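Notes follow the structure.
The values are calculated or read from the model by the stated rules, or taken from the named source; none is laboratory data. If you're wondering where the values come from, they're calculated on a predicted model, not measured in any experiment. Neighbour counts are summed over all protein chains in view; Cβ atoms, including those assigned to glycine, are modelled from backbone coordinates with ideal geometry. For the accessible areas, the whole protein counts, side chains as well, though only heavy atoms, and no ligand, DNA or RNA atoms are used. Shrake-Rupley method; radii C 1.70, N 1.55, O 1.52, S 1.80 Å.
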Amino acid sequence: MKPMYIMAMASLLYLPAKAQTFMTRNGKVNFYSKTSLEDIKAENRQVVAAIDLGKKTVALTLLQKNFLFEKQLMQDHYNENYVESDKFPKAQFTGTITGNVGTTPGTYKVQITGNLTLHGVTKPVSAPAELEVADGKVTGKADFKVKPSDFDIKIPSLVKDKIASEITVQVLAACTALSK
């Protein structure tokens, strides 16, 4: 991972190092588009994520080019024609956690609400999530839907029937405690 990328994430988060702050550089984001003509799946396993249980905040950032597709042509089209990853290299989310959550081991059902920036457009997103606290780690899981049109992602009419109007996004981040 590039040092500049790590520094950008640190400045985005500005989370003080303490036992209630957890982070990973290996979070996972999947997305899935299902239509009667074609299914499109992609996975990014280089997601930087941070969860601060004390402040009840969460942040994620990823590079668009790190999404891997089943077919190279899909990956090329995604980066060049849809998200324009040379122009808009990152997607980011910053938000807050609503609901009871603590450092005591257990699974906590919460709501995550914040802003998703994708393709240079920022929109509010809210989704149910699960935070599991165990063995000095916090694992966050969330599923939500995104409409490409909400983020000014243009789908050519030639392929519009092959791409769902709503894309299912899954996030999984197993974060470890930051030390002082």
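When the dipole is taken about the Cα centre of the chain, and only Lys, Arg (+1) and Asp, Glu (-1) are charged at their Cβ, what size is it in debye, to the nearest 20?
460
Mind ranking 22-34, 132-144 by how tightly packed they are, going by the mean number of other C-beta atoms within 10 angstrom, highest first?
In decreasing order of mean packing, 22-34, 132-144 become 22-34, 132-144.
For the chain, take the longest principal axis of its alpha carbons; what is the angle in degrees between that and the long axis of helix 3-13, to the nearest 10 within 0 to 90?
Approximately 70 degrees, to the nearest 10.
Would you mind getting the accessible area per residue of the chain, heavy atoms of the protein chains only, 1.4 Å probe, in Å²?
That works out to 56 Å² per residue.
Mind pulling up the Rg/Rh value for the chain? Radius of gyration and Kirkwood radius, both on Cα.
Over the Cα atoms of the chain, Rg/Rh equals 0.98.
Would you work out the Kirkwood radius for the range 98-160? I mean one over the mean of 1/r across all pairs of different Cα atoms, in Å.
Its Kirkwood hydrodynamic radius stands at 13.9 Å.
Considering the options 72, 97, 83, tell which one lies farthest towards the positive end of the dipole of the range 54-108, charges being +1 on Lys and Arg and -1 on Asp and Glu at the Cβ, about the Cα centre.
Comparing the listed Cα positions along the dipole, 97 ranks first.
Given the DSSP H assignment, sum -39500 (n - 2.57) over each helix run of at least 4 residues in the chain and divide by its residue total; what's the result at 222 nm in deg cm²/dmol, nearest 500?
Counting only the DSSP helices, I get -2500 deg cm²/dmol.
Using a 1.4 angstrom probe on the protein heavy atoms only, could you order 158, 73 from most to least accessible area?
From most exposed to least exposed: 158, 73.
With a 1.4 Å probe and all protein chains left in place, how much of the accessible area of the range 69-180 comes from carbon and sulfur atoms, in whole percent?
That share works out to 51 percent.
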